1. Determine whether Glu118 is acidic (Asp, Glu), open to solvent by less than 60 Å² (accessible area, probe 1.4 Å) and either out of contact with any strand residue (DSSP E or B) (no Cβ under 8 Å at 6 or more places or on another chain) or over 26 Å from Thr163 (Cα atoms) (or both).
2. For the stretch 72-178, which fully contained helices (runs of 4 or more DSSP H) count at least 1 residues that are at pLDDT 95 or above?
3. Among the residues of the stretch 121-178, which ones are of a type in the set (S, T, N, Q), closer than 21 Å to Phe96 by Cα and within 18 Å of the chain's Cα centre (by Cα)?
Amino acid sequence: AQDLAAQHHKAGRFTEAETLYNSLGATQETLGTLQEAEASYRKAVSIRPTYVEAHYNLGNVLRELGALDDAVTSYQTALSLNPEYAEAYNNLGIAFRRLGQSTDALACYSKAIIIQPEYAEAHYNTGNALKDLERLEEAVTCYQTALRFQPDHLLAHSNLGNTYQALGKLNKACMSYQ
């Protein structure tokens, strides 16, 4: 696929090349070859700097590689091109949280929820950031909301139980773990 993408690029068929590089990056990411995926996504955005999905995908790979500042930049680029991209706000929030910037993460999750109110993962991540900030009662509400939208969200059940435990509500904690 990389050779085919390069052939399209060389022949001036940029749409085909950028699409192939993005698809190749997704496959490489699935296979766990993250550096190769990063290179493919970078090729896609170098061909078309306005390729929102490729910037988002690049951010995901960079986040997984631990290049959090670069991931933030990629997500912000995707959002500058599509300010209604709830998943990009959510993942930008994850990067901010990993950088220890829980307040910035909360702002991102909030934007994701405004765009997509039933986005369980954004509610779950809001709970995590609130827990970081020791706002435990608010975290409980967020985990409960996430579970209302996605009842099988195992991490939300677990974190809800952990938060109840931290609040000394052991009966509720036990119920959350079941």
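The values are calculated or read from the model by the stated rules, or taken from the named source; none is laboratory data. Owing to the predicted nature of the structure, the values given are computational and were not obtained by experimental measurement. Backbone-built Cβ (ideal geometry, glycine too); neighbour counts: all protein chains shown. All accessible areas refer to the heavy atoms of the entire protein, side chains included, with ligands and DNA or RNA removed. Shrake-Rupley method; radii C 1.70, N 1.55, O 1.52, S 1.80 Å.
1. In short, no.
2. The helices (runs of 4 or more DSSP H) meeting that bar are 86-98, 102-115, 120-132, 136-149, 154-166.
3. Within the stretch 121-178, Asn125, Thr126, Asn128 meet the criteria.
The rows are residues; the columns are (1) loosely packed, with under 15 Cβ neighbours inside 10 Å; (2) within 25 Å of His123 (Cβ to Cβ); (3) of a type in the set (Phe, Trp, Tyr).
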position	(1), (2), (3)
Leu24	no, no, no
Ala44	no, no, no
Arg48	no, no, no
Ala54	no, no, no
Leu65	yes, no, no
Thr77	no, no, no
Tyr85	no, yes, yes
Asn91	no, yes, no
